[in-house]
Amino acid sequence: MIRFCQGFQNLQLTSEILANKEGGGNYRTIDNYTQFWLYSNYMQKIKNYINGQLIEPIDKLYIDNYNPATGKVYSLIPDSDEKDVAMATEAALAAFPQWSNTSKEVRSRILLKIAELIEQNLERLAIAESIDNGKPVALAKMIDIPRAASNFHFYATAILHYASESHAMEDTAINYTLRSPVGVAGCISPWNLPLYLFTWKIAPAIAAGNCVVAKPSEITPMTAYLLSELCMQAGLPKGVLNIVHGYGHKVGAAITAHPNIPLISFTGGTKTGAEIARIAAPMFKKISLELGGKNPNIVFSDCDFENAIKTTLHSSFANQGQICLCGSRIFIEKSIYEKFKIRFIEKVKTLKVGNPADNSSNLGAVVSKEHMDKILSYINLAKEEGGEILIGGNQVNLEGEFALGYYIEPTIIEGLAYNCRTNQEEIFGPVVTLTPFETEEEVLKYANSTQYGLSAIVWTENLTRAHRIAGLLHAGIVWINCWLVRDLRTPFGGMKNSGVGREGGFEAFNFFTEPKNVCIKLK
Ligand code: NDP
């Protein structure tokens, strides 16, 4: 198997390897690609993308990048710092006058080209995402990468239709609102949906005419690196997008504190969001924070039962439960509690945890050893708090090359109080709790009891109840009889400690532009 890497030693770019270039092996199937990634001794160096070029970090320091499926280091990430951020910001500032004056049509065409290139590279981006993050390749192919392409596609076309407001005051005056790009936008994203969330910020920012200094999570930098190559191919002018890799406390903190970055769009944990707000607020920066969640999934007895079970399987365990929108607290009306529990356990027993490249795996690895330990510690906490593990609860030890990977069984827990720590804190793993309820008032109290308010799921065939509950839930997004159905035009974001501001549709353009009202007196 080692022979797969022979002939590749001199290649510089990951994409050259993934693009199936000549050189000693045939990588035309997923299996062969994966074999290469898993067994190669070739230590790829990711590079920063600054001023249109792929460059090493100034201090030439690197961080190990682990493949969570094998627990082994497979590439090196720049350990950049404030000097690299300063260089990226200078490049962005220099590019801004021209980019902000480039017509919307031209900007749109470049973004469409990037979308097209992402689609053309679906397979290799999906494999790269899986290897970096641990998620099943099939999931990355179906969700992550298509959505990254859609983000560019959506904002490339949305910008052509974005119009500003006008307010006429009878015969006194007329107001119109100018909306200009802000300048250099700082975009910081997490590891759970790496390219999906990275592009969700970058696409509207540059479509609106801003230049960007972006940082992907240091835990999952690979697809952001591959994106920088696609941006070069698409003809994105130099300096419009700059990607600086490295730790949050160095690169993320430097972006947040940089005086020439007046706007920060951040997705990540609530604690990090609070730290960013602490630095950015006294500098009067515009901030958009998309933070953690502890979302309720409410199942009424009049629901479409099989549909509720089927979708709950996804909303509980998709991406190993590492989606901010997962419904980790499942509240079930008492009259169907036992029936739901039995059927749900039956279904969870059919889920396979395994090699992410294997199409039969439903769950892959969780993202890191630290994260695995955190999830397992919450399972222990649940036991201490009196919870009963109905299924799962353990690390999964796979064999062979996956023996050191970070795998956890899908886990269902019952018997916990709604306000215990397990039911209040974000676990962000394949762990859900079941809690019975009797009345709407009771379940609303449970659902709204956490510090979070990101999303909620409701299962009922009673239309008036659905509307009533949707109005009363403390959540930025409510799904009735479905989950993760996304229309990119809708406002996306959370209330309470789940965030500040909204992304999506024109909300994103409102954030990435500065409004100026012009008032003209008519007489
Ligand atoms: P973190 O908050 O740890 O990290 C998010 C990003 O911020 C990473 O790029 C991280 O870098 C960086 N960062 C860390 N410290 C700082 C700092 N001091 N200043 C600036 N940037 C910093 O979140 P995770 O990556 O662990 O992601 C999981 C969290 O994200 C969960 O809480 C989840 O709910 C939330 N999330 C929210 C979503 C939403 O839309 N509301 C969507 C998806 C996830 P590094 O990786 O190097 O530490």
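Return yes or no: is Glu82 modelled with pLDDT of 95 or more, open to solvent by 70 Å² or more (accessible area, probe 1.4 Å) and within 16 Å of the ligand (Cβ to nearest atom)?
yes
Taking the range 65-91 only, how many residues are over 13 Å from Gly246 (Cβ atoms) and not in a helix (DSSP H, G or I)?
10
Please find, among Glu426, Glu442, Glu514, the residue that is at pLDDT 95 or above, in the same structural domain as Gln322 (by TED's automatic domain parsing), surrounded by fewer than 19 Cβ atoms within 10 Å (Cβ to Cβ) and farther than 17 Å from Trp200 by Cβ.
Every option except Glu442 fails the conditions.
In the range 252-276, how many are within 22 Å of Pro57 (Cα to Cα) and near the ligand (Cβ under 7 Å from one of its atoms)? Please lay out each step first, then the result.
Let us first name the residues in the range 252-276 that are within 22 Å of Pro57 (Cα to Cα), namely 252-261.
Add one more test, that the residue is near the ligand (Cβ under 7 Å from one of its atoms), and what stays is 252-253, 255-256.
Qualifying residue count, the range 252-276: 4.
Of all residues in the range 470-520, count the ones that are within 16 Å of the ligand (Cβ to nearest atom) and at positive phi.
Residues meeting the conditions: 7.
Regarding the range 283-297, can at least one residue be identified that is away from the ligand (no atom under 12 Å from the Cβ) and of a type in the set (Phe, Trp, Tyr)?
Filtering the range 283-297 down to residues away from the ligand (no atom under 12 Å from the Cβ) leaves 283-286, 296-297.
Going one step further and asking which of them are of a type in the set (Phe, Trp, Tyr), we end up with 284.
Yes, the conditions are met somewhere in the range 283-297.
Can you spot a residue in the range 230-244 that is within 16 Å of the ligand (Cβ to nearest atom), without any contact (Cβ under 8 Å) to a residue 60 or more places away in the chain and assigned by TED's automatic domain parsing to the domain that holds Lys45?
Within the range 230-244, not a single residue is within 16 Å of the ligand (Cβ to nearest atom), without any contact (Cβ under 8 Å) to a residue 60 or more places away in the chain and assigned by TED's automatic domain parsing to the domain that holds Lys45.
Taking the residues in the range 358-379 that are open to solvent by 70 Å² or more (accessible area, probe 1.4 Å) and outside any loop (DSSP other than H, G, I, E, B) as candidates, determine which candidate is farthest from Gln424 (Cα to Cα). Write out each step before concluding.
Looking only at the range 358-379, we keep the residues that are open to solvent by 70 Å² or more (accessible area, probe 1.4 Å), and these are 359, 362, 369-370, 374.
Filter once more, keeping what is outside any loop (DSSP other than H, G, I, E, B): 369-370, 374.
Details: Lys369: 23, Glu370: 21, Lys374: 15 Å.
Result: Lys369.
Please identify the pairs in which a residue from the range 286-315 that is over 16 Å from Ile412 (Cα atoms) and open to solvent by 20 Å² or more (accessible area, probe 1.4 Å) has its Cβ atom under 7 Å from the Cβ atom of a residue that is of a type in the set (Gly, Ala, Ser) and more than 16 Å from the ligand (Cβ to nearest atom), counting only partners at least 6 apart or on another chain.
Once the first residue is over 16 Å from Ile412 (Cα atoms) and open to solvent by 20 Å² or more (accessible area, probe 1.4 Å) and sits in the range 286-315, its partners that are of a type in the set (Gly, Ala, Ser) and more than 16 Å from the ligand (Cβ to nearest atom) give Ser301/Ser335.
Limited to the range 163-193, what total is found for residues that are crowded, with 24+ Cβ neighbours inside 10 Å and free of Cβ contacts under 8 Å to residues at least 24 places away in the same chain?
Total satisfying the criteria: 0.
How many residues are free of Cβ contacts under 8 Å to residues at least 24 places away in the same chain and not β-branched (Val, Ile, Thr) when one looks only at the range 464-485?
Within the range 464-485, residues that are free of Cβ contacts under 8 Å to residues at least 24 places away in the same chain and not β-branched (Val, Ile, Thr) number 4.
Can Thr433 be described as within 25 Å of the chain's Cα centre (by Cα), of a type in the set (Ser, Thr, Tyr) and more than 16 Å from the ligand (Cβ to nearest atom)?
Working: within 25 Å of the chain's Cα centre (by Cα): yes; of a type in the set (Ser, Thr, Tyr): yes; more than 16 Å from the ligand (Cβ to nearest atom): yes.
So Thr433 fits the description; yes.
So is Thr464 open to solvent by 30 Å² or more (accessible area, probe 1.4 Å) and over 26 Å from Ile408 (Cβ atoms) or not? Quick ask: steps written out before the conclusion?
Working: open to solvent by 30 Å² or more (accessible area, probe 1.4 Å): yes; over 26 Å from Ile408 (Cβ atoms): yes.
It is true that Thr464 is open to solvent by 30 Å² or more (accessible area, probe 1.4 Å) and over 26 Å from Ile408 (Cβ atoms).
Of the conditions (1) without any contact (Cβ under 8 Å) to a residue 60 or more places away in the chain; (2) charged (D, E, K, R); (3) closer than 26 Å to Thr256 by Cβ, Glu105 clears all except one; give me its number.
Result: Glu105 fails condition (3) only.
Looking at the range 187-203, is at least one residue within 30 Å of Ala94 (Cβ to Cβ), away from the ligand (no atom under 16 Å from the Cβ) and not β-branched (Val, Ile, Thr)?
No: the range 187-203 contains no residue that is within 30 Å of Ala94 (Cβ to Cβ), away from the ligand (no atom under 16 Å from the Cβ) and not β-branched (Val, Ile, Thr).
Are there any pairs with C-beta distances below 6 angstrom linking a residue in the range 413-434 that is more than 17 Å from Ile298 (Cα to Cα) to a residue that is open to solvent by 40 Å² or more (accessible area, probe 1.4 Å) and more than 16 Å from the ligand (Cβ to nearest atom), with the two at least 6 apart or on different chains, and if so which?
Hits for this filter: Cys420/Glu385; Thr422/Glu385.
Considering only residues that are within 12 Å of the ligand (Cβ to nearest atom) and either assigned to a helix (DSSP H, G or I) or surrounded by fewer than 24 Cβ atoms within 10 Å (Cβ to Cβ) (or both), which ones fall in the range 213-229?
Listed by number, the residues that qualify are Glu218, Ile219, Ala224.
For the range 425-454, enumerate the residues that are among the polar types (S, T, N, Q) and in contact with a Phe, Trp or Tyr (Cβ under 7 Å, 6 or more places away or on another chain).
Within the range 425-454, Thr435, Ser449 qualify.
Determine, yes or no, whether Phe198 is in a helix (DSSP H, G or I), open to solvent by 30 Å² or more (accessible area, probe 1.4 Å), of a type in the set (Phe, Trp, Tyr) and at pLDDT 95 or above.
no
The values are calculated or read from the model by the stated rules, or taken from the named source; none is laboratory data. From a predicted model like this one, the values you see are computed outputs, not experimental measurements. FYI the Cβ positions are ideal-geometry reconstructions off the backbone, even for glycines, and counts take in every protein chain you see. Note: areas computed on protein heavy atoms with side chains; ligands, DNA, RNA excluded. Shrake-Rupley method; radii C 1.70, N 1.55, O 1.52, S 1.80 Å.
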